[in-house]
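The values are calculated or read from the model by the stated rules, or taken from the named source; none is laboratory data. It should be emphasised that the depicted structure is a prediction, and the values quoted were computed from it without experimental measurement. Here the Cβ positions follow ideal geometry from the backbone for every residue, glycine too, while neighbour counts run over all protein chains shown. We work out accessible area using only protein heavy atoms, side chains counted, and drop any ligands, DNA or RNA first. Shrake-Rupley method; radii C 1.70, N 1.55, O 1.52, S 1.80 Å.
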Amino acid sequence: MTAGHRVAIVGCGYSNVGRNSGLSADEHMIQATKAALADAGLTVRDIDGMTSVGTEPLNDAWLLGVEPLNWWSSGMMAPAFSYAAVQAIAAVASGFSHTALALRVIKQQPSGKALAQGRTDHPMTAMMSMAAGDRQWLTPFGTGSPTQWAGLLTQRYMAQYGATEEDFGRHVITQRYHASMNDDAIFRDPMTMDEYLASRYVSKPLRILDCDYPVDSGSAVIFTTEERARDLDQPAVLVDSYALSAIRDLNFEILSDMVHTAPVQTAKSLWERTDLTPADVDTAQLYDGFSIIVFQWLEALGFCGEGESGAFVAEGNTRLGGSLPVNTDGGACNVGRRHGANFCIEATRQLRGQCGERQVDGAEVAVFTNAVGPFSAGALLTRG
C-alpha cells in the first residue's frame, strides 16, 4: 500500500500519433493533456503538480495555463514514462500535490544514416556522434544504437537458457493478435511465424519485428487522491504499490549480469510493498522496446521461472483468454513507441473495463512496467 494518501488514476489520453507527424513536442503535450483532462472531467485549474520526461514541466505548465504549480519534476536519463508516473504517485501520496499530471512526449528518432551524416537537428545527433566517457570505447566499433545492446541481452538469454528465435516469435505474434483488436494500433494485420522469421536482423538474433516502432507521440496520465477520485467522471484505478530502481550508472553494454537486470530489483520492491502476489494479477502490461525485455519482466515478476518465458508464451498464457494476458493493446511494437505510457494507460483501461473486444474478463489487478538494464520502474494497480 502507498504511504500517506491513497493514489488513483483518473484520466489518461494521447496526442495524435504517427511517423513524422509535423507536430512540435509542445503540440503533442497539449493534445495529450487535453485528452486526459477530458477523460477525467477536469480542467487545467484542477492540476497543481506536473512531471515529465521529454518536455520541461515549467514550460508545459505555462503553455497549459496551470497556476499555481505546487510541485514539479523532470528527467531524461530515467526509465521513460514510468519515471514520470512514479514521481507523480509519490507527490500525491506525500501531499506535495493533490492532482498531478504525468507526461511523456517522444519524437521519432532519426535514422542511423542521418545521424552519421549529421543531417538532423534532433538532440540524438549530438549524443550519438559524441565519443566521450564510456562511449569512446563503443562508438568506433559501431555500437551506437539501443538495438545493439538489446541484441547482446537477447543472445545472452538464448545461450544461458537454450531459448530459440521461435520463442520470441510466438511473443511477437501474440502481441500482433492483440493489436488486431485495437483501433489505435498502427499494425493490425495477423502475423505468422514464417513472416517473423523472414524479417531482417538488426542486431542478430534481434529482428526488426522485435523492436518497438518509432513514432511521434504524446501521452498524459492524471493522478489524484482516492477521495478526490470519487467525484470524477471515471471509475478510479488505485495504485497499490510502485517502485523505481537502478542497479548501476547509465550503461547498458557492460552490465555485470545481462539476464538479471534492473527489473529484478523493481519486482522485488513491488512485491515487498503489497499483500498481492503474482497469482493475483489478471493482466500485465510489460515494456516491449525489445522482445527480450518482456521475457525479463515475466521472470522478474515471478509469473514464470527463470528461462521459462518461451514456454510460458508457447502455452498461450500471455494471449487473451490465457492465465495472464500480456500487452493487450498490442505493445509498442504495434501501437508505436509511447515509451511506456501506453502500458499504464492500457492497464488503466483494462481495470475500468473499457477495452472492448480485447477486454480481460473480470480484470481487477494489473501491473505495468518500464525499461530494463541499469534502471526500471513499475506499479501494481487495482480496480477501485
Spin-label model distance (nm) - Asp249 vs Lys204, 7 Å beyond Cα toward Cβ: 3.3
Förster radius 45 Å - calculated FRET efficiency between His260 and Asn20 (Cβ-Cβ, nearest 0.05): 0.75
When the convex hull of its Cα atoms is projected in every direction, mean area for the range 177-264 (nm²): 9.9
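Ranked highest first by average number of other Cβ atoms within 10 Å, how do 255-265, 270-280 line up? Display every interim value, and only then the final one.
Values: 255-265: 18.9, 270-280: 14.4.
Top to bottom by mean Cβ count within 10 Å: 255-265, 270-280.
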Rounded FRET efficiency, nearest 0.05, which uses the C-beta distance separating Arg230 from Trp137 and R0 of 45 Å: 0.25
Peptide ranges 39-49, 220-230 listed from the most packed, as the mean C-beta count within 10 angstrom indicates: 220-230, 39-49
Carbon and sulfur %, accessible surface of the chain computed with the full protein complex present, 1.4 Å: 51
Gap separating the Cα centres of the range 27-78 and the range 292-359, nearest whole Å: 28
For the chain, calculated [θ]222 nm from helices alone, where every DSSP H run of n ≥ 4 adds -39500 (n - 2.57): -10500 deg cm²/dmol
Separation in nanometres of the label points that stand 7 Å from Cα toward Cβ, at Glu315 and Glu195: 2.8
Å² per residue, accessible surface of the chain at 1.4 Å: 40
Spin-label model distance (nm) - Ser323 vs Leu69, 7 Å beyond Cα toward Cβ: 4.6
Of every Cα-Cα pair in the range 238-299, the percent that sits beyond 15 Å: 58
